[in-house]
Amino acid sequence: MSSLWKLVGDVIPDDHSRQVSAYDLARHEMERPDAPATVLDLGCGDAASARVFRGVRPDVRWVGLDIAENAAARAVTSEEVVLYDGVTFPMATGSIPLIYSRQVFEHVRYPERVLAEIARVLTPGGIFIGSTSHLEPYHEYSLWNYTPYGFRVLVEAAGLELLEIRPGPDGPALITRAFEGRLPEHGGWFTGESPLNAEIDAWGRETGRRPALVNLRKLEFCGHFGFRVRKPSDWRPSVPQRESWWQRLLGARLERRVREAVKRIPGARPAVAAVRRRTAGHVHGSRHP
């Protein structure tokens, strides 16, 4: 059985083991000498991230993108916000150098399709940063929780490269916060180390573990994790694979075996025939009693 270290250890940083947020990643990206002139906030909501990016680089062009149903995004008038259908980005291929997304992907209905759009819209060598949920209770129409490895699988399936993954607040803290009703004192778990993360830091100091191994332990129990993803310079859109001749052959053989097995079940043939009649009726628009 493969450990998390074997699956994502190569993208767990060894520079420090601090808990991070998407805002931390945004500020760090803007501090780079080659910081981009344009950033797209995917799932921008009320456009709060614009202040974070401009706090480091005042002249950055910030563009928000959110679904048309999001009332907070529709209400924004002081920033450039684009509304879309939740799948297809209304941006040209290779036009955005940096895409940012803070705690949005757990709400995305079609994550693979959205990642494919991120890959398309990014410039060659462009960067996708942000955070998403791992061990977090249901909240605000959330659909998914991602393991660090699962997120990597989705990212690489889109032809992108996961560069690093870092721990956010720990999962037990987020569970406690939801159970106790989001009390004011819980806010400190996002700006500093959350309780379990603080314990893991102490464990790391006591045992002399290097930062990457402390990060690993935090990632195993994290509620959120941050990520940095790159679009390769030689990226090409993925081509849907066609079913090969041997897959079709195996499918036909399996279908024949199922039919033969059904024939041997008493009373099965009339039931199958009835299902076929009802299905045919729905296909052709007719209704059967």
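A few remarks follow.
- Restricting attention to region 1-20, the residues that are at pLDDT 95 or above and either among the basic types (Lys, Arg) or out of contact with any helix residue (DSSP H, G or I) (no Cβ under 9 Å at 6 or more places or on another chain) (or both) total 3.
- Within region 11-38, residues that are closer than 20 Å to Pro148 by Cβ have Cβ atoms under 6 Å from residues that are among the hydrophobic types (A, V, I, L, M, F, W, C) and at pLDDT below 95 in no pair, counting only partners at least 6 apart in sequence or on another chain.
- Just one residue in the set Arg166, Arg217 is assigned to a strand (DSSP E or B), in the same structural domain as Ile12 (by TED's automatic domain parsing) and of a type outside the set (A, V, I, L, M); that residue is Arg166.
- Across region 23-69, the qualifying residues are those that are in a loop (DSSP other than H, G, I, E, B) and within 19 Å of the chain's Cα centre (by Cα), and the one among them that is farthest from Val121 (Cα to Cα) is Gly45.
- Any chance Val121 is over 16 Å from Leu160 (Cβ atoms) and either of a type in the set (A, V, I, L, M, F, W, C) or buried (at least 18 other Cβ atoms within 10 Å of the Cβ) (or both): no
- Of the residues Thr279, Thr176, the single one that is hydroxyl-bearing (Ser, Thr, Tyr), in a helix (DSSP H, G or I) and modelled with pLDDT of 95 or more is Thr176.
- Taking every residue in region 212-233 that is closer than 17 Å to Trp144 by Cβ and pairing it with any residue that is of a type in the set (D, E, K, R) and outside any strand (DSSP E or B), at least 6 positions away or on another chain, the pairs with Cβ-Cβ distances below 6 Å are Gly223/Glu136.
- The single residue among Phe190, Phe179 that is assigned by TED's automatic domain parsing to the domain that holds Val114, aromatic (Phe, Trp, Tyr) and surrounded by 15 or more Cβ atoms within 10 Å (Cβ to Cβ) turns out to be Phe190.
- Subset of region 70-102 [over 21 Å from Arg230 (Cβ atoms) and part of a loop (DSSP other than H, G, I, E, B)]: Asn70, Ala75, Val76, Thr77, Ser78, Glu79, Asp85, Gly86, Val87, Thr88, Pro90
- Scanning region 195-241 for residues that are under 30 Å from Glu117 (Cα atoms) and among the hydroxyl-bearing types (Ser, Thr, Tyr) yields Ser233, Ser238.
The values are calculated or read from the model by the stated rules, or taken from the named source; none is laboratory data. Since we're looking at a predicted model, the values are computed, not measured. No Cβ is skipped: glycine too gets one built from the backbone with ideal geometry, and neighbour counts run over all protein chains shown.
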